[in-house]
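Q: Sharing a structure, written as structure tokens. Questions coming.
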Amino acid sequence: MTDPAAALAQMLGPKGWLSGEEAEPYRQDWLKRYGIAPLGVARPISTAQVAEIVTLCCDAGMNVVPQGGNTGLCGGAVVERAGGIILSLSRMAAIGEPDAASGSVVVDAGVILSALHDALAPHGLVFPMHLGAEGSARIGGLIGTNAGGSHALRHGMMQNLVLGLEVVLPDGSIWNGLRAVQKDNAGYQLRKLFCGAEGTLGVVTRAVLKLSPAPKQRATALLTLGDSAAAVAFGTYLRGEAGEFLTGLEFFCDFGLSLALKHLPGLSFPLESRGDVHVLVELTSSSTRVQLDDILASALEWGMERGLILDGALAMSDAQRAHFWRLREEQPEGQRLEGEQLKHDISVPVGRIAEFIDKGQALCQGILPGVRINPFGHLGDGNIHYNLSPPQGEADFAGKAPEIAQALAALATEMAGSFAAEHGLGRAKIVLADRNRSPVERDLMARLKHALDPLNTMNPGVIIANPSGKKNFPMNGIS
Ligand SMILES: Cc1cc2nc3c(=O)[nH]c(=O)nc-3n(C[C@H](O)[C@H](O)[C@H](O)COP(=O)(O)OP(=O)(O)OC[C@H]3O[C@@H](n4cnc5c(N)ncnc54)[C@H](O)[C@@H]3O)c2cc1C
């Protein structure tokens, strides 16, 4: 057989096949924890080319790792085993004409999220997925991780925003499920299977996405509250008052705020008081007939009268609104710039957020006294990024990581929550998953993986470390 790398180089040409130095920018994950040099980076321009690449790799027993914007936080988009290639969708970035009547658009998997937002603006439509990495994350990666973001409270995660998909399966065949309808119960919900599959079941090449009318008005407030219990109580009241207009309900703690203010130029905190917790609220509507400012102002009054809200401000301009959002979205960056950190992506039922934060604090302090805890995230849907910075001067921070991660995962599980809320498992959390997932659940996933990818060539080592671990399902090519 001819050398597969040479065959790929010939098939794809110099722009479509990168190796050596040219492949270097694709090598490491966002957090620089994972990734070895790939054999090369394939950059196809069509679904047919993706299918050719996958077929060739399947025949040669070569591993394929799909990569979008490489902003994933669990190390799923880089090569871990020698001889694997990265399949970058970056050159497949076409955006179709939006269909206002059905509220949908067909896009290539390589479209960057913010480019889609920009393309839809003139049509009075939005794709309601927003996250801090939207300037780099691509549709295929967002689907691969089943991303959540700050509007999931109202619009759901990626799986709720994908109407149809086109996928190149691990054997190179193409599944065309590009249907643009809300209702499609013709069998198993295949499109949902690929949402969150992290590139282990196939390569998403195109998607039909669900659109919403663009908001014609917004009301945004930044608040300071005494503690997370007050934030949950206010959030519950607000949900009842604002109903379907509640689009964003985010929180960050005062430690996280201090890191963002310390490390990020141009950032300031506009309120006079600083409590333990800060909350960002956004209401939106595509109608001009409702009075969002009134709804929000009366809810704030309710919170202040009860002593839940200590201080607050309504955004008076788009620039101020953007600044409020920046305070929330720079939380990860502020902590990254502080230095070493341990990240945990937890979700619990919303009513138990304060309980998780308090119990988590006791657990972490018990394992590593003085550890600096920075919980922030999506108050409206119970997703807490429970990230830690080391105690000042602590040498063995990383050494405590497994014990802390397991303690928090066990706590989340015990509280009917999840230890992997919106970032997926990638390579970072498979050990944790093996410990905290029931054998039946793990086995079910191994069966699915084996059914679609019996040779384990699609992103091996992600989601399930060793699918052949289940005796009934021997896998070729891995032990
Ligand atoms: C600053 C910052 C803020 C973030 N905020 C959020 C947030 O609020 N909510 C949230 O959910 N996430 C968040 N993330 C995580 C990240 O942005 C998301 O996971 C995003 O969905 C990844 O998209 P990507 O294109 O970068 O994917 P990549 O990192 O390239 O890939 C992610 C996974 O998807 C797979 N994949 C990529 N493309 C395809 C494809 N075409 N077909 C099949 N599989 C594919 C990869 O193999 C990998 O397993 C944040 C990240 C950063 C850096």
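The values are calculated or read from the model by the stated rules, or taken from the named source; none is laboratory data. The structure presented is a predicted model; accordingly, all values stated were derived computationally and were not measured. Neighbour counts run over all protein chains shown; Cβ positions are idealised from the backbone, glycine included. Accessible surface areas use protein heavy atoms only, side chains included; no ligands, DNA or RNA. Shrake-Rupley method; radii C 1.70, N 1.55, O 1.52, S 1.80 Å.
Residue-by-condition table, conditions (1) among the hydroxyl-bearing types (Ser, Thr, Tyr); (2) modelled with pLDDT of 95 or more; (3) within 30 Å of residue 143 (Cα to Cα):
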position	(1), (2), (3)
356	no, yes, yes
362	no, yes, no
377	no, yes, yes
397	no, no, no
405	no, yes, yes
408	no, yes, yes
421	no, yes, yes
426	no, yes, yes
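Q: I need the strands (runs of 3 or more DSSP E) fully contained in the range 320-400, keeping only those with at least 1 residues that are in contact with a strand residue (DSSP E or B) (Cβ under 7 Å, 6 or more places away or on another chain), open to solvent by less than 10 Å² (accessible area, probe 1.4 Å) and among the polar types (S, T, N, Q).
A: It comes to 372-378, 383-389.
Q: Give me the residue from the range 90-112 that is out of contact with any Ser or Thr (no Cβ under 8 Å at 6 or more places or on another chain) and in a strand (DSSP E or B) and, out of that set, farthest from the ligand (Cβ to nearest atom).
A: Applying the filter and picking the extreme gives 99.
Q: Moving on to the next point. With respect to residue 251, is the statement that it is under 22 Å from the mean Cα position of the chain (by Cα) and over 14 Å from residue 335 (Cβ atoms) true?
A: The answer is yes for residue 251.
Q: Filter the range 197-213 down to residues that are more than 8 Å from the ligand (Cβ to nearest atom) and open to solvent by less than 10 Å² (accessible area, probe 1.4 Å) and give me whichever is nearest to residue 311 (Cα to Cα).
A: Step by step, filter the range 197-213, then rank; the result is 209.
Q: In addition: Which one of the conditions (1) at pLDDT below 95; (2) out of contact with any helix residue (DSSP H, G or I) (no Cβ under 8 Å at 6 or more places or on another chain); (3) more than 14 Å from the ligand (Cβ to nearest atom); (4) hydrophobic (A, V, I, L, M, F, W, C) does residue 451 fail to meet, given that it meets all the rest?
A: All conditions pass for residue 451, except number (1).
Results for (1) surrounded by fewer than 23 Cβ atoms within 10 Å (Cβ to Cβ); (2) within 8 Å of the ligand (Cβ to nearest atom); (3) assigned by TED's automatic domain parsing to the domain that holds residue 245, shown as yes or no for each residue.
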site: 42; (1), (2), (3): no, no, no
site: 45; (1), (2), (3): yes, no, no
site: 69; (1), (2), (3): no, yes, no
site: 78; (1), (2), (3): no, no, no
site: 114; (1), (2), (3): yes, no, no
site: 120; (1), (2), (3): yes, no, no
site: 137; (1), (2), (3): no, yes, no
site: 143; (1), (2), (3): no, yes, no
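Q: From the list 244, 282, which residue is under 28 Å from residue 302 (Cβ atoms), among the acidic types (Asp, Glu) and open to solvent by 20 Å² or more (accessible area, probe 1.4 Å)? Quick ask: steps written out before the conclusion?
A: Working: 282 fails: open to solvent by 20 Å² or more (accessible area, probe 1.4 Å).
244 is the lone residue from the list that is under 28 Å from residue 302 (Cβ atoms), among the acidic types (Asp, Glu) and open to solvent by 20 Å² or more (accessible area, probe 1.4 Å).
Q: Then there's this: Residue by residue through the range 405-433, note down the ones that are within 17 Å of the chain's Cα centre (by Cα) and among the β-branched types (Val, Ile, Thr).
A: Passing the criteria: only 430.
Q: Something else about it: Considering only residues that are open to solvent by 10 Å² or more (accessible area, probe 1.4 Å) and within 8 Å of the ligand (Cβ to nearest atom), which ones fall in the range 153-163?
A: 157
Q: Follow-up. Within the set of pairs 6 or more residues apart or between chains, which connect a residue that is at positive phi inside the range 413-438 to a residue that is open to solvent by less than 20 Å² (accessible area, probe 1.4 Å) and more than 12 Å from the ligand (Cβ to nearest atom) with Cβ atoms less than 8 Å apart?
A: Filtered contacts from the range 413-438: 416/348.
Q: Please state which of the following conditions residue 62 fails to meet, knowing it meets all the rest: (1) within 11 Å of the ligand (Cβ to nearest atom); (2) part of a loop (DSSP other than H, G, I, E, B); (3) open to solvent by less than 30 Å² (accessible area, probe 1.4 Å); (4) in contact (Cβ under 8 Å) with a residue 60 or more places away in the chain.
A: For residue 62, the failing item is (1).
Q: Answer yes if at least one residue in the range 214-235 is among the aromatic types (Phe, Trp, Tyr) and open to solvent by 40 Å² or more (accessible area, probe 1.4 Å), and no otherwise.
A: There is no residue in the range 214-235 that is among the aromatic types (Phe, Trp, Tyr) and open to solvent by 40 Å² or more (accessible area, probe 1.4 Å).
Q: List the number of the failed condition for residue 425; all other conditions in (1) outside any helix (DSSP H, G or I); (2) more than 16 Å from the ligand (Cβ to nearest atom); (3) over 14 Å from residue 356 (Cα atoms) hold.
A: With respect to (1) outside any helix (DSSP H, G or I); (2) more than 16 Å from the ligand (Cβ to nearest atom); (3) over 14 Å from residue 356 (Cα atoms), residue 425 is out only on (2).
Q: Might you check whether a residue that is open to solvent by less than 10 Å² (accessible area, probe 1.4 Å) and aromatic (Phe, Trp, Tyr) occurs anywhere in the range 172-191?
A: Checked the range 172-191: no residue is open to solvent by less than 10 Å² (accessible area, probe 1.4 Å) and aromatic (Phe, Trp, Tyr).
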